[in-house]
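Enquirer: Provided herewith is a single structure, encoded as structure tokens, for subsequent inquiry.
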Amino acid sequence: MRSLYAWFVGLFVFLASAQSAYAAQCTLNGKEVPCGEMPPWFWGVTVILSVIGVAGFVFWLWMLVDAIKHEKENKTMWVVLLIFLNLLGAIIYYVVAKRKRPKISDQGEQKTGT
């Protein structure tokens with residue numbers, strides 16, 4: 001999971017070079033074909049997985065910043081958990097810690113989180 005950052009960098013490089021992929025040669029069923037002839041679902045799946053990956057990274061970063069800013073007890077434990085477990089750690093943090101914390105509205109009164 002620690003390679004999530006490297007995966008995002010690789011994904012960015014892949015998407016940045018996607019335009020030149022049409023002129024390149026790709027292998028499909030053991031044959032060299034122009035990449036423009038790849039099945040249409042291939043690019044759709046790539047875009048969908050990219051969006052899911054970016055959304056997961058944003059959620060992880062949001063939970064990491066929240067843990068650093070708002071945790072009074074066990075801050076070190078949460079930060080280490082988030083760094084080593086990445087998205088799984090962010091989901092655990094959200095369910096266990098963030099949802100339990102009372103929310104503060106714009107008027108300054110506390111609301112209980114659900």
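Enquirer: Exactly one of these conditions fails for Phe84: (1) out of contact with any Phe, Trp or Tyr (no Cβ under 9 Å at 6 or more places or on another chain); (2) without any contact (Cβ under 8 Å) to a residue 40 or more places away in the chain. Give me its number.
Expert: Among (1) out of contact with any Phe, Trp or Tyr (no Cβ under 9 Å at 6 or more places or on another chain); (2) without any contact (Cβ under 8 Å) to a residue 40 or more places away in the chain, the lone unmet condition for Phe84 is (2).
Enquirer: Another one. Name the helices (runs of 4 or more DSSP H) wholly within region 1-106 that hold at least 1 residues that are modelled with pLDDT of 90 or more and of a type outside the set (Val, Ile, Thr)? Can you show your working first?
Expert: Values: elements: 4-16, 40-70, 75-93.
Qualifying helices (runs of 4 or more DSSP H): 40-70, 75-93.
Enquirer: Please work out if Leu61 is within 22 Å of Gly10 (Cβ to Cβ) and surrounded by 15 or more Cβ atoms within 10 Å (Cβ to Cβ). Give the derivation first.
Expert: Numbers: within 22 Å of Gly10 (Cβ to Cβ): yes; surrounded by 15 or more Cβ atoms within 10 Å (Cβ to Cβ): no.
In short, no.
The values are calculated or read from the model by the stated rules, or taken from the named source; none is laboratory data. Quick caveat: nothing in here was measured; it's all calculated off a predicted structure. Cβ sites come from the backbone with ideal geometry, for glycine too, and all protein chains shown count toward neighbours.
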